[in-house]
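The numbers here are math on the coordinates, done by the rules we state, and not lab data. What you are looking at is a predicted structure, and each value in this text was computed from that prediction instead of being measured. All Cβ positions, even for glycine, are placed from backbone atoms using ideal geometry, and neighbour counts span all protein chains on display.
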Amino acid sequence: MPTGRSRISMFRHTFFISVTACFLLSSVRAAQGPNLGRALTPDEIQKIDITVTPDGKGLPAGSGSVSAGAVVYAKSCQVCHGPQGAGIPADQLTGGVGSLASGNPVMTAASYWPSATTLFDYVRRAMPITSPQSLTNDEVYAVTAYLLSIDGIVPRDAVLDAKSLPAVKMPNRDGFVRWRPKPSR
């Protein structure tokens, strides 16, 4: 048990540390920031701002056919996703359409995702896993067309581009509830 004198000493020590910390924190807050990096230029932002929304906003120029997509898929995707997107070793990409309400739902881009542009966006930004963003826009349109054709969402002779891709009706398009916050009063 500390004596009265050592308690006072501990109090003074704690008080000194607290006051010092307050002064240091206030001086850090007054500083102009950590001075890390610099603001991006508009060109730099454009290169990394590749988001595509469900209505097609952000889709780039280019196009791709189902037949071209089969070639790109065989070269860049099949090693992970198997023939025709069947899966193994990585996720299954095709099939499962109509299975979501069953006891054994198969969640694939074709069966679950409400928008074909989401498939394009994901492939463009994250695939192939060993070299993300290495496919050209034409190759991404083509792979998207190929995958959608396997489940009959687009015909085997389809060519997708920025105008036609948002018009593709995915099987689960109406399976989501659009949530919007209530306006504040």
Within straight cross-link reach of K57, meaning Cα distance under 17 Å, which lysines are found once same-chain residues fewer than 8 apart are removed?
K47, K163, K169
Using the beta-carbon distance between V177 and L40 and R0 = 41 Å, what value does 1/(1 + (r/R0)^6) give for FRET efficiency, to the nearest 0.05?
0.70
Surrounding net charge for S111, when Lys and Arg each add one and Asp and Glu each subtract one, Cβ distance under 14 Å
-1
Counted neighbours (other Cβ, 10 Å), sorted fewest up, put S111, S102, S184 in the order S184, S102, S111
Label point at A90 placed 7 Å out along Cα→Cβ; residues across the range 59-74 whose backbone nitrogen lies under 14 Å
72-74
The farthest towards the positive end of the charge dipole of the range 42-167, of the residues A70, A126, V106, given +1 on Cβ of Lys and Arg and -1 on Cβ of Asp and Glu, is V106
Please work out how much length the chain gains when fully extended from V71 to D55, using 0.36 nm per residue of separation minus the C-alpha to C-alpha distance, in nm with one decimal.
3.0 nm
Using a 10 Å cut-off around each Cβ, can you sort E139, E44 from fewest to most neighbouring Cβ atoms?
E44, E139
Tell me, S76, S99, S131 in order of fewest to most beta-carbon neighbours within 10 Å?
S131, S99, S76
